[in-house]
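Heads up, the thing below is written out as structure tokens.
The values are calculated or read from the model by the stated rules, or taken from the named source; none is laboratory data. In this text, all values refer to a predicted model and were calculated from it rather than measured experimentally. Using ideal geometry, Cβ is built from the backbone for each residue, glycine included, and neighbour counts are taken over all protein chains shown. To get the accessible areas, we keep the full protein, side chains included, count just its heavy atoms, and leave off ligands, DNA and RNA. Shrake-Rupley method; radii C 1.70, N 1.55, O 1.52, S 1.80 Å.
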Amino acid sequence: MTRWQPGDTVVLRYHARDRDVISGGIPMTCVEDSEDRLVLFLPHGTSYLGYPNLPLEGRAQLVSDRLTNPLPPRQRVPMTWSNHMLRFLYPGKAFSVWAFWREDSWDFTWWYANLEAPFVRTEVGVDTRDHTLDIVASPDLKWHWKDEDELAARIEHGIDTPEFASAVRAEGERVIQLIEAAASPFGEPWPDWRPDPTWSPPELPEGWSDVPAPELWKPGL
């Protein structure tokens, strides 16, 4: 398996939850690529493409329409990342850990555990799918759940199943154990990390969305 080198551009692509398409792509810079983890950097001001968020009622209607009619196309729109972020991805793990800094002062602000499908490598980067529920931790590792209300609403609207929510929450509980133990990366000196000043801002390469999408793990199935 070919690994990326520090400074290489890695495209992180998201699979849509309501259809079998790539909903967005974010160009990131490789910091580390080892057997244990993949670390990517997303600097302030990076341009990327994604779907605008729909209200829950709109997502519920998409799920209902999918059962009887082809879904209408949605257009990816240009977006701009607004702070500095490192993303730690672990082979076979259904989460990634994000570390955030302010874009102007580089003050470290918080940790974020994003519950998601284990990443799969592609020709241009890695693919994953978001699982809604997240965990936020302050620099001193005090944590709280995020988006519990949205996950509950998705179940109520029939977008997700209780089995899905149970599997995602179980993964979150395992991440909480890492936070409380100050395990990697939470107990490492990443808040003092800074990028190589010679790195160029990452950009989406030509044809990034044409690369075939791999199968991703779906919890609760």
Worksheet entry | Descending semi-axes in whole angstrom, ellipsoid equivalent of the chain, from the Cα gyration tensor | 28, 22, 16
Worksheet entry | Where labels lie 7 Å past Cα in the beta-carbon direction, separation of Asp140 and Trp199 in nm | 3.0
Response to the item:
Listed by chain and number, the lysines with an alpha carbon less than 18 angstrom from that of Lys93, same-chain partners under 8 positions apart left out, are Lys218
Discussion item. Taking the Cα centroid of the range 147-171 and of the range 1-51, what is the distance between the two, rounded to the nearest whole Å?
Written reply: 25
Item to complete: State to the nearest 20 debye the size of the charge dipole of the range 139-221 about its Cα centre, where the only charges are +1 on K and R beta carbons and -1 on D and E beta carbons.
Response: 200
Discussion item. Output wanted: per-residue J couplings in Hz (rounded whole) for the range 179-193, from phi through Karplus 6.51 cos²θ - 1.76 cosθ + 1.60, θ = phi - 60°, x for Gly and Pro.
Written reply: 4, 5, 8, 6, 6, 4, x, 5, x, 8, x, 5, x, 8, 5
Fill in: For the range 152-159, 3J(HN,Hα) per residue [Karplus equation, 6.51 cos²θ - 1.76 cosθ + 1.60, θ = phi - 60°, Hz, x = Gly/Pro]
4, 5, 5, 5, 4, 7, x, 6
Worksheet entry | Lys, Arg +1 and Asp, Glu -1 on Cβ, resulting dipole of the chain about Cα centre, debye, nearest 20 | 320
Response to the item:
Non-local residues with an amide H under 5 Å from the amide H of Asp160, with H modelled 1.01 Å from N and Pro and chain starts lacking one, are Ile155
Discussion item. Given a 1.4 angstrom probe, what's the average accessible area per residue across the range 150-221, in square angstrom?
Written reply: 61
Item to complete: Take the chain, connect every pair of alpha-carbon atoms lying under 10 Å apart with a spring to form a Gaussian network, then pick out the residue of Val211, Val120, Val136 with the largest mean-square fluctuation.
Response: Val211
Worksheet item: Which residue, Leu86, Leu40, Leu141, tops the fluctuation ranking in a GNM of the chain built on C-alpha contacts under 10 Å?
Response: Leu141
Worksheet item: What trypsin sites (Lys or Arg not before Pro) does the range 126-187 have in DSSP loop regions with at most 12 other beta carbons within 10 Å?
Response: Lys142
Practice prompt. Rank Ala152, Ala181, Ala99 by mean-square fluctuation in a GNM of the chain with C-alpha springs under 10 angstrom and give only the top-ranked residue.
Written response: Ala181
Worksheet item: Of all the accessible heavy-atom surface of the chain, with the other protein chains kept in place and a 1.4 Å probe, what percent is carbon and sulfur?
Response: 51
